[in-house]
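The values are calculated or read from the model by the stated rules, or taken from the named source; none is laboratory data. In this text the structure is predicted, and so the values were computed from the model without any measurement. Methodologically, a virtual Cβ is constructed for each residue, glycine included, from the backbone with ideal geometry; neighbour enumeration extends over all protein chains shown. With ligands, DNA and RNA removed, areas are computed over all heavy atoms of the protein, side chains included. Shrake-Rupley method; radii C 1.70, N 1.55, O 1.52, S 1.80 Å.
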Amino acid sequence: GEGRSFFIRDDRGHIDLPRALEGGLGGGFFAMFVPTKYLENGPGAKDSDQTGKIATIGNDFQVSQRHAQEFTDALIQLLFDLENVSEGKVKIARATADVSTCLENGVLAAVMHIEGAEAIDLELDNLDGYYNQGLRSLGISWSRSNGFGHGVPFEFDRSPDTGPGLTTAGKQLVRECNRLGIMIDLSHLNEKGFWDVASITESPLIATHSAAHMLCPSTRNLTDKQIDAIGESGGIIGINFHVGFIRSDGQGDSDTPIDDIVKHAVYVADRIGVDHVALGSDFDGATMPDELGDASGLPRLISALRRGGFSSQEIDKIAHENWLRVLNQTWKH
């Protein structure tokens with residue numbers, strides 16, 4: 001954020017290095033996200049337009065791809081700069097060994113993640129280049145459509161089955177991510193796209209920041225059938241902390257108990273097993289329960305998970321072991 005330094009404690013946003021260390025946060029997916037307005041209008045566009053309206057496709061796709069690539073490249077450079085000036089306190093993790101080493105040494109592991117594949121050209125010519133820079137996780141869509149697939153709009157009391165599945169380019173993107181060892185993130189993808197990925201991918205199914213549709217019927221949440229498929233694949237669901245995705249009424253009210261996050265973790269664990277449950281905060285991208293606050297409040301969530309009936313061994317799985325397992329299965333090199 002403007003005027004914020006990642007290395008100085010601040011009460012704005014949800015994460016900086018001091019608060020991450022205080023909360024025991026070992027790492028996370030550092031998302032490169034292109035605001036819709038910039039995607040359509042390019043340099044100089046201001047104020048992220050988060051309505052999820054359909055981004056330009058067809059004849060304009062090359063234009064929006066160029067804008068997205070420019071914006072994404074600048075964000076990746078920012079991440080490199082962050083690593084360089086961190087004096088070893090932040091490391092871009094390109095392999096599970098990197099993540100493990102970071103966890104052992106109190107270094108923040110940053111996984112380079114692109115949320116919404118608009119920066120990738122339809123022929124996938126630049127995908128290898130992004131992999132070589134450190135890209136290890138890719139969300140095919142944010143909550144809008146692009147040349148690869150269709151994201152879910154932000155709606156409540158509605159199924160995530162909101163439109164068509166992956167395009168031909170989107171299906172090829174899945175195969176190429178498998179080849180390289182880039183994790184495919186299913187959060188923000190609509191249901192038909194989800195099933196397309198499930199039918200193609202050789203890797204575990206992963207939703208980095210989603211919750212259970214049965215407890216909160218938001219389009220952004222996963223149906224029981226989707227949850228079952230993730231479990232059967234050996235995959236993982238990172239429970240989103242956003243109040244609008246965990247409250248049964250879908251309201252964006254921060255006066256929401258931390259136990260609502262736990263309810264979703266319990267629901268998924270009861271349905272498909274604790275090996276498939278993880279934390280998927282969405283820090284700096286959503287409204288946190290007041291009781292959690294920010295990254296420094298994670299110990300309160302761990303205590304709530306314990307109150308919710310999870311053993312210390314199960315909490316270790318939810319907190320980091322499950323992530324390490326699926327990343328190890330997905331990052332082939």
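What the table below lists for this structure:
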item: Residue satisfying all of: in the range 185-215; surrounded by fewer than 24 Cβ atoms within 10 Å (Cβ to Cβ) and touching a residue at least 60 places away in the same chain (Cβ under 8 Å); nearest to D270 (Cα to Cα) among these; result: P204
item: Residues of the range 190-205 satisfying the condition of being in a loop (DSSP other than H, G, I, E, B) and over 16 Å from the mean Cα position of the chain (by Cα); result: T201, E202, S203
item: Candidates N178, N190 - the one that is polar (S, T, N, Q) and closer than 29 Å to E321 by Cβ; result: N178
item: Count of residues meeting criterion [of a type in the set (A, V, I, L, M, F, W, C) and over 17 Å from the mean Cα position of the chain (by Cα)] in the range 219-266; result: 4
item: Of all residues making up the range 216-236, the number that are more than 14 Å from G193 (Cβ to Cβ) and either open to solvent by less than 10 Å² (accessible area, probe 1.4 Å) or part of a loop (DSSP other than H, G, I, E, B) (or both); result: 10
item: Boolean, F148 is open to solvent by less than 20 Å² (accessible area, probe 1.4 Å), modelled with pLDDT of 95 or more and either more than 25 Å from W323 (Cβ to Cβ) or not basic (K, R) (or both); result: yes
item: Count of residues meeting criterion [at pLDDT below 95 and among the basic types (K, R)] in the range 61-99; result: 1
item: In the range 245-290, the residues that are of a type in the set (K, R) and closer than 27 Å to L324 by Cα; result: K263, R271
item: Count - residues of the range 302-333 that are within 19 Å of the chain's Cα centre (by Cα) and over 30 Å from E176 (Cβ atoms); result: 3
item: G244 in contact with a Phe, Trp or Tyr (Cβ under 8 Å, 6 or more places away or on another chain), on the phi > 0 side of the Ramachandran plot and either of a type outside the set (V, I, T) or surrounded by fewer than 24 Cβ atoms within 10 Å (Cβ to Cβ) (or both); result: no
item: Yes/no for A31 being open to solvent by 20 Å² or more (accessible area, probe 1.4 Å) and at pLDDT 95 or above; result: yes
item: Exclusive hit being open to solvent by 10 Å² or more (accessible area, probe 1.4 Å), part of a helix (DSSP H, G or I) and either of a type outside the set (S, T, N, Q) or at pLDDT below 95 (or both), set D249, D275, D253; result: D275
item: Close pairs from the range 143-161: first of a type in the set (D, E, K, R), partner in a strand (DSSP E or B), Cβ under 6 Å, at least 6 apart; result: R144/G151
item: Residues satisfying the stated conditions in the range 84-116, i.e. crowded, with 18+ Cβ neighbours inside 10 Å and charged (D, E, K, R); result: K89, K91, R94, D98, E115
